[in-house]
Amino acid sequence: MKLNMKMAYAVAYVLYKKHKAKIADIGELENGFYVDFDSKDVISIADFKKLENEITEFIFNRSTKVEAKRKQVEVVRDCPCMSKNKYLSYHVTHQDNKTVKMIKINDEFPFINKLESTNLAFNEIKSFKLENVAGNYWLGSAKNKQLQRITGYAYSSKEELKAFEAEMQDRKERDHRKLGQDLELFTFNDLAGQGAPIWLPNGAAVMYEIDAEVRRILLRNGFHFVSTPILGSDELYKTSGHWFHYRENMFNPLTIDEQVMVLRPMTCPHHMLVYKNRPRSYRELPFRIAEKAILHRYEASGGLIGLERVRQMQLIDTHVMIRPDQIESEIRHYYDVVMETLKAFDIKIHRVDLSLHDPKDKAKYFNNPKMWAKAEKELAAVMDRMGMKYEKKVGEAAFYGPKIDFQMKTALGHIITMSTIQLDFLLPARFDLEYIDKDGKVQRPILVHGGIIGTLERFMSILLESNKGVFPLWLAPVQVQLIPVASVHEKFCDEFAQRLMNHGVRVEVDHTDERLGKKIRNGQIRKIPYQIVFGDEEIKSGTISYREYGKKDVTNVPMAKFGDILVKRIAEHK
Ligand code: ZN
């Protein structure tokens, strides 16, 4: 948005004029502008009010005639201003063009023109805000002088600015990294290594609940759970082809007793060995296995984002071995599994993609045009028969085969792949997998890779982004908080807590010395679904009053019945 660029000039001019600043750089950000400057005046956020007034005067005060000119200036030699500002001189000498376009305001303060137009038209700016000021090294190097950077944003109306600020506030509230910290769900520690999340008790409680739910769904849909090693030999990944097609995403290998081992980036190769354990009959197919596995994938450190992009992750991975005549029925079956799971977590699918290979990309894809043609045709035909609406995406397939990708739209509007069903004719051949058909002949199975909710880490970040940390009762880290009115009631609370724990409820007793009101507020901040206060009256009457998070009214129930009510609600996913 050019308005932000114009705003940057306005801020730069005022800093130059009123604070004797040497402007080092100006530019646009995703949602605003920045001005890097060198000044003896150290600007702090406390100075923003004054600075904003100075800028307002400059932009809006008609008595100050603002004249902005764009001028062609010969590189360095022609401009006397260079000697006064070494940063400007740096920019000019690092330009490719022989002439540099400069902007002058009121015939002073020259700076490189970063605008298309000659007209600065400051009066287009109707509303702006300075957001932050921080230290910033010149050219991003700690060896250089530390400058100051002011950031902010500008809009052509007050309403637009207000809408933008409301959106920023919403984003802040949905930031899973902040929620993770506030609700003590997970943490990172350099001692544990970059991109390696540490799940704290609250976060682990949610993670295990998600895991249990997916596990229940898989078990009732004919999957069997296996457990295979975190490390695999280089030969395993050479056999699967990952060594050749996925190497840049794998951790460096380690050598143990002359055997080269790698931390696995996925479970498929190990699962091929599960199938290969003994000869298989056609009667055993579909052969469905699943595993919650810890995986390691290399991500550049700059690309790591909270739980969204990590180096160590947990994935409930599934593989199904089928006969050629079972492609359609298994894809339909898996589709139902995906839908059942997403419904359990209240996730809606935004779009379905049929991800195809790019025949021109020889490096990424296994080279077997016949295999690709067959797999892609069959998958599309099944989707057509299922009446699925989908978009074809060339170049999005896995290296071994085409896939159906279920895309969701996150609360912040990003499109991400939630679930995937992948058809693979390649791995069964590479691992020489077989089954004996009903005529006693040896045949090769087809492999279906299935991912339902992605990694637990990413899934958690998506949940937090959408629920702002307010988990439904069945997923909440702490489901019930018991609050004793005074210390004499603590023992009773502990006993009642134990009774709820016996029901499998996650419960906590507030043993702090805070006042009652503070205890209730603390539970509210932590978004605990049920709060129950225990005092003389409750203990004497045997009736408790509970308050549900986000609701005003208080409900009274006999103490003896509360456990059953709660267990029922948890089971019903309320
Ligand atoms: Zn797989």
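Anything in region 414-462 that is over 26 Å from Leu179 (Cα atoms), surrounded by fewer than 22 Cβ atoms within 10 Å (Cβ to Cβ) and more than 16 Å from the ligand (Cβ to nearest atom)? List them, or say none.
Asp432, Glu434, Ile436, Asp437, Lys438, Asp439, Gly440, Lys441, Val442, Gln443, Arg444
Which condition does Thr410 not pass, out of (1) touching an Asp or Glu at 6+ places or on another chain (Cβ under 8 Å); (2) closer than 27 Å to Gln326 by Cβ, if it passes all the others?
Only one criterion in (1) touching an Asp or Glu at 6+ places or on another chain (Cβ under 8 Å); (2) closer than 27 Å to Gln326 by Cβ is unmet by Thr410, namely (2).
Take the conditions closer than 30 Å to Asp182 by Cβ and more than 13 Å from the ligand (Cβ to nearest atom) and apply them to Leu295. Does it pass?
It is false that Leu295 is closer than 30 Å to Asp182 by Cβ and more than 13 Å from the ligand (Cβ to nearest atom).
Would you please list the contacts, defined by Cβ atoms under 9 Å and residues six or more apart or on different chains, that run from a residue in region 205-225 that is closer than 24 Å to Val480 by Cβ and in the same structural domain as Lys292 (by TED's automatic domain parsing) to a residue that is aromatic (Phe, Trp, Tyr) and assigned to a helix (DSSP H, G or I)?
Going by the 9 Å Cβ cut-off, the qualifying pairs are Met207/Phe459; Ile210/Phe459.
Does Gly193 meet the test of being exposed (fewer than 14 other Cβ atoms within 10 Å of the Cβ), at pLDDT below 95 and in the same structural domain as Ala344 (by TED's automatic domain parsing)?
Criteria met by Gly193.
Considering every residue within region 289-311, establish whether at least one is free of Cβ contacts under 8 Å to residues at least 24 places away in the same chain, over 20 Å from the mean Cα position of the chain (by Cα) and assigned by TED's automatic domain parsing to the domain that holds Pro445.
No, that holds for no residue.
Conditions (1) within 16 Å of the ligand (Cβ to nearest atom); (2) charged (D, E, K, R); (3) surrounded by 21 or more Cβ atoms within 10 Å (Cβ to Cβ), marked per residue:
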{"residue": "Met313", "(1), (2), (3)": "yes, no, yes"}
{"residue": "Ile327", "(1), (2), (3)": "no, no, no"}
{"residue": "Ile331", "(1), (2), (3)": "yes, no, yes"}
{"residue": "Lys343", "(1), (2), (3)": "no, yes, no"}
{"residue": "Lys348", "(1), (2), (3)": "no, yes, no"}
{"residue": "Lys377", "(1), (2), (3)": "no, yes, no"}
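Looking at region 396-411, is at least one residue surrounded by fewer than 13 Cβ atoms within 10 Å (Cβ to Cβ) and more than 30 Å from Ala166 (Cβ to Cβ)?
no
What are the residues in region 545-574 that are more than 22 Å from Ile525 (Cα to Cα), touching a strand residue (DSSP E or B) at 6+ places or on another chain (Cβ under 8 Å) and not in a helix (DSSP H, G or I), if any?
Across region 545-574, the qualifying residues are Asn556, Val557, Pro558.
Among the residues of region 20-43, which ones are surrounded by fewer than 18 Cβ atoms within 10 Å (Cβ to Cβ) and either farther than 19 Å from Trp138 by Cα or at pLDDT 95 or above (or both)?
Residues satisfying the conditions are Glu30, Asn31.
Read through the list (1) within 15 Å of the ligand (Cβ to nearest atom); (2) β-branched (Val, Ile, Thr); (3) assigned to a helix (DSSP H, G or I), then give the number of the only condition that Thr318 fails.
Against the list (1) within 15 Å of the ligand (Cβ to nearest atom); (2) β-branched (Val, Ile, Thr); (3) assigned to a helix (DSSP H, G or I), Thr318 comes up short only on (3).
Of all residues in region 134-178, how many are farther than 21 Å from Leu15 by Cα, of a type in the set (A, V, I, L, M) and in contact (Cβ under 8 Å) with a residue 24 or more places away in the chain?
2
With touching a residue at least 12 places away in the same chain (Cβ under 8 Å), among the hydrophobic types (A, V, I, L, M, F, W, C) and either touching a helix residue (DSSP H, G or I) at 6+ places or on another chain (Cβ under 7 Å) or surrounded by fewer than 14 Cβ atoms within 10 Å (Cβ to Cβ) (or both) as the only criterion, which of Ile539, Ile532 stands out?
Exactly one of Ile539, Ile532 is touching a residue at least 12 places away in the same chain (Cβ under 8 Å), among the hydrophobic types (A, V, I, L, M, F, W, C) and either touching a helix residue (DSSP H, G or I) at 6+ places or on another chain (Cβ under 7 Å) or surrounded by fewer than 14 Cβ atoms within 10 Å (Cβ to Cβ) (or both), namely Ile539.
Quick one: is Leu423 assigned by TED's automatic domain parsing to the domain that holds Ile347 and touching a Leu at 6+ places or on another chain (Cβ under 6 Å)?
When the stated conditions are applied, Leu423 passes them.
Restricting attention to region 242-260, does a residue exist that is surrounded by 12 or more Cβ atoms within 10 Å (Cβ to Cβ) and closer than 28 Å to His333 by Cα?
Within region 242-260, one or more residues are surrounded by 12 or more Cβ atoms within 10 Å (Cβ to Cβ) and closer than 28 Å to His333 by Cα.
Does any residue in region 436-460 that is under 20 Å from His271 (Cα atoms) come within less than 6 Å, Cβ to Cβ, of a residue that is in a loop (DSSP other than H, G, I, E, B) and at pLDDT 95 or above six or more places away or on a different chain, and which pairs are these?
Gln443/Asp437; Pro445/Leu433
Here's a check for you: in region 506-527, which residue that is farther than 23 Å from Leu473 by Cβ and assigned to a helix (DSSP H, G or I) is nearest to the chain's Cα centre (by Cα)?
In this case the residue turns out to be Lys518.
Residue check, Gln169 against (1) surrounded by fewer than 14 Cβ atoms within 10 Å (Cβ to Cβ); (2) of a type in the set (S, T, N, Q); (3) in the same structural domain as Gln95 (by TED's automatic domain parsing), all met but one. Which one?
If we test Gln169 against (1) surrounded by fewer than 14 Cβ atoms within 10 Å (Cβ to Cβ); (2) of a type in the set (S, T, N, Q); (3) in the same structural domain as Gln95 (by TED's automatic domain parsing), just (3) comes out false.
Answer yes or no as to whether Val554 is surrounded by fewer than 16 Cβ atoms within 10 Å (Cβ to Cβ), in contact with a Gly (Cβ under 8 Å, 6 or more places away or on another chain) and of a type in the set (Val, Ile, Thr).
no
Being part of a loop (DSSP other than H, G, I, E, B) and surrounded by fewer than 20 Cβ atoms within 10 Å (Cβ to Cβ) is the filter here, so list the residues in region 476-505 that pass it.
Correct list: Val485, Ala486, His503, Gly504, Val505.
Being in contact with a helix residue (DSSP H, G or I) (Cβ under 9 Å, 6 or more places away or on another chain) and under 21 Å from Glu396 (Cβ atoms) is the filter here, so list the residues in region 322-347 that pass it.
Result: Ile327, Ile331, Ile347.
Counting only residues that are in a helix (DSSP H, G or I), among the aliphatic types (A, V, I, L, M) and without any contact (Cβ under 8 Å) to a residue 40 or more places away in the chain, how many does region 238-284 have?
0
Please go through region 67-121 and pick out each residue that is at pLDDT below 70 and basic (Lys, Arg).
Lys69, Arg70, Lys71, Arg77, Lys98 - these are the residues of region 67-121 that are at pLDDT below 70 and basic (Lys, Arg).
Condition (residue is more than 30 Å from Pro197 (Cβ to Cβ) and hydrophobic (A, V, I, L, M, F, W, C)) applied to region 451-458: is it met by at least one residue?
Within region 451-458, not a single residue is more than 30 Å from Pro197 (Cβ to Cβ) and hydrophobic (A, V, I, L, M, F, W, C).
For region 179-190, enumerate the residues that are closer than 18 Å to Arg309 by Cα and buried (at least 16 other Cβ atoms within 10 Å of the Cβ).
Leu179, Gly180, Leu185, Phe186, Phe188
The values are calculated or read from the model by the stated rules, or taken from the named source; none is laboratory data. This structure is a prediction, so every number in the text was calculated from the model and none was measured. Backbone-built Cβ (ideal geometry, glycine too); neighbour counts: all protein chains shown.
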